[in-house]
């Protein structure tokens with residue numbers, strides 16, 4: 001969490017060299033000059049990649065403890081293992097272990113060239 | 001664009017230490033075990049931060065040339081300057097110049113502590 005955040009308004013998180021900025025749905029719609037109405041699948045997911053296979057299950061459990069809802073239980077898939085949860089505001093998160101995309105020590109992802 | 005991409009299926013882009021993965025709405029919904037139906041505002045935007053104020057207008061023009069639609073014309077705001085466009089699939093993008101969040105030489109953002 002960065003000190004640039006404003007309590008009750010916006011939270012900025014460092015995520016590698018990019019930024020995850022959380023603020024209200026209404027404020028974003030107003031800033032973008034569009035209607036804030038919308039329903040159903042949003043067409044995107046935030047993904048949290050982990051370094052060890054077992055962490056997929058552990059992170060999903062942690063999300064549930066924090067108020068999330070599992071929508072896809074952890075399972076082995078062709079690239080490794082993943083699962084999905086929805087946070088209390090309905091945003092979709094993937095938790096993934098993909099040994100083909102190794103994590104650096106600082107948690108950043110190294111894509112193949 | 002990473003060589004891990006699969007033509008016609010998924011495109012992986014390096015974005016700092018994180019990854020932007022583009023694949024079909026239906027494939028993501030199926031992977032997440034949810035219904036792919038949805039409409040209206042998705043509740044999120046991808047932001048492209050630029051180093052110079054004038055680049056906000058230039059990137060919006062470039063987006064329009066590539067098939068995007070401006071939904072918020074570039075304007076000066078309290079943190080700098082921004083504008084928004086929708087890509088051909090309706091995804092919302094912000095183009096922002098925020099001198100309080102300077103860019104490193106490699107384009108990554110440096111948040112205040």
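We did not get these values from a lab; they are worked out from the coordinates using the rules stated. Not measured: the values here are computed from a predicted model. We place every Cβ from the backbone using ideal geometry, glycine too, and count neighbours over all the protein chains shown.
Exposure proxy shown here: for A:28, B:1, A:22, the number of other Cβ atoms within 10 Å sets the order, fewest to most, as B:1, A:22, A:28. Arranged from fewest to most other beta-carbon atoms within 10 Å of their beta carbon, B:85, A:78, B:44 become A:78, B:44, B:85. Counting Cβ atoms of other protein chains within 10 Å of each residue's Cβ and taking the mean over peptide B:101-110 gives 3. Per-residue mean of foreign Cβ neighbours for A:25-31 is 4 (Cβ atoms of other chains, 10 Å radius). In the range A:1-62, Cα pairs under 8 Å separated by at least six residues give a relative contact order of 15 percent.
Computed over chain A, relative contact order equals 19 percent, with contacts defined as Cα pairs under 8 Å that lie 6+ residues apart. Taking other Cβ atoms within 10 Å as a rough exposure proxy, B:39, A:65, B:2 sort from fewest to most as A:65, B:39, B:2. Here the sum of -39500 (n - 2.57) over DSSP H runs of 4 or more residues, divided by the residues of chain B, equals -5000 deg cm²/dmol at 222 nm, to the nearest 500.
Per residue of peptide B:64-73, the mean number of Cβ atoms on other chains within 10 Å of the residue Cβ is 1.
The distance separating the Cα centre of the range B:85-113 from that of the range B:8-36 comes to 20 Å. Based on the Cβ-Cβ distance from residue A:70 to residue A:6, what FRET efficiency comes out when R0 is 35 Å, to the nearest 0.05? About 0.65, to the nearest 0.05.
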